[in-house]
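*Asks:* Okay, handing you the structure first.
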Amino acid sequence: MRSFAIRVKELRNEKGITQKELAEAVQVNQSMITRWEKDECEPTASAIIKIADYFNVSTDYLLGRNDFD
């Protein structure tokens, strides 16, 4: 199963956006995106929802609970 960190990084790279652009879109500091992608900390539930909405995927997909977006 892929982790949140891997999925966020893959989605961001597929969309061709920077960490800064994602941070602005979901209203967090860029350092949080970096920490999430390095699996140094976990996002809040509200951040997970914002990221899922931004990438148009399910929260279950982001959290590695299924392989379907």
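*Asks:* Which one of ALA52, ALA5, ALA47, ALA23 is in contact (Cβ under 8 Å) with a residue 24 or more places away in the chain, in a helix (DSSP H, G or I) and either open to solvent by 80 Å² or more (accessible area, probe 1.4 Å) or among the small types (Gly, Ala, Ser) (or both)?
*Replies:* ALA5
*Asks:* Looking at (1) under 15 Å from ALA5 (Cα atoms); (2) over 10 Å from the mean Cα position of the chain (by Cα), which is the one condition that is false for LYS20?
*Replies:* (1)
*Asks:* Okay, next question. Got a number for residues in the stretch 55-69 being over 13 Å from GLU10 (Cβ atoms) and either loosely packed, with under 13 Cβ neighbours inside 10 Å or touching a strand residue (DSSP E or B) at 6+ places or on another chain (Cβ under 9 Å) (or both)?
*Replies:* Of the residues in the stretch 55-69, 4 are over 13 Å from GLU10 (Cβ atoms) and either loosely packed, with under 13 Cβ neighbours inside 10 Å or touching a strand residue (DSSP E or B) at 6+ places or on another chain (Cβ under 9 Å) (or both).
*Asks:* Could I ask something else about it? For the stretch 8-17: of the residues being open to solvent by 50 Å² or more (accessible area, probe 1.4 Å) and among the charged types (D, E, K, R), which is nearest to the chain's Cα centre (by Cα)?
*Replies:* LYS9
The values are calculated or read from the model by the stated rules, or taken from the named source; none is laboratory data. All values derive from a computational prediction rather than experimental measurement. Methodologically, a virtual Cβ is constructed for each residue, glycine included, from the backbone with ideal geometry; neighbour enumeration extends over all protein chains shown. Heads up: the accessible areas ignore ligands, DNA and RNA and are worked out on the full protein's heavy atoms, side chains in. Shrake-Rupley method; radii C 1.70, N 1.55, O 1.52, S 1.80 Å.
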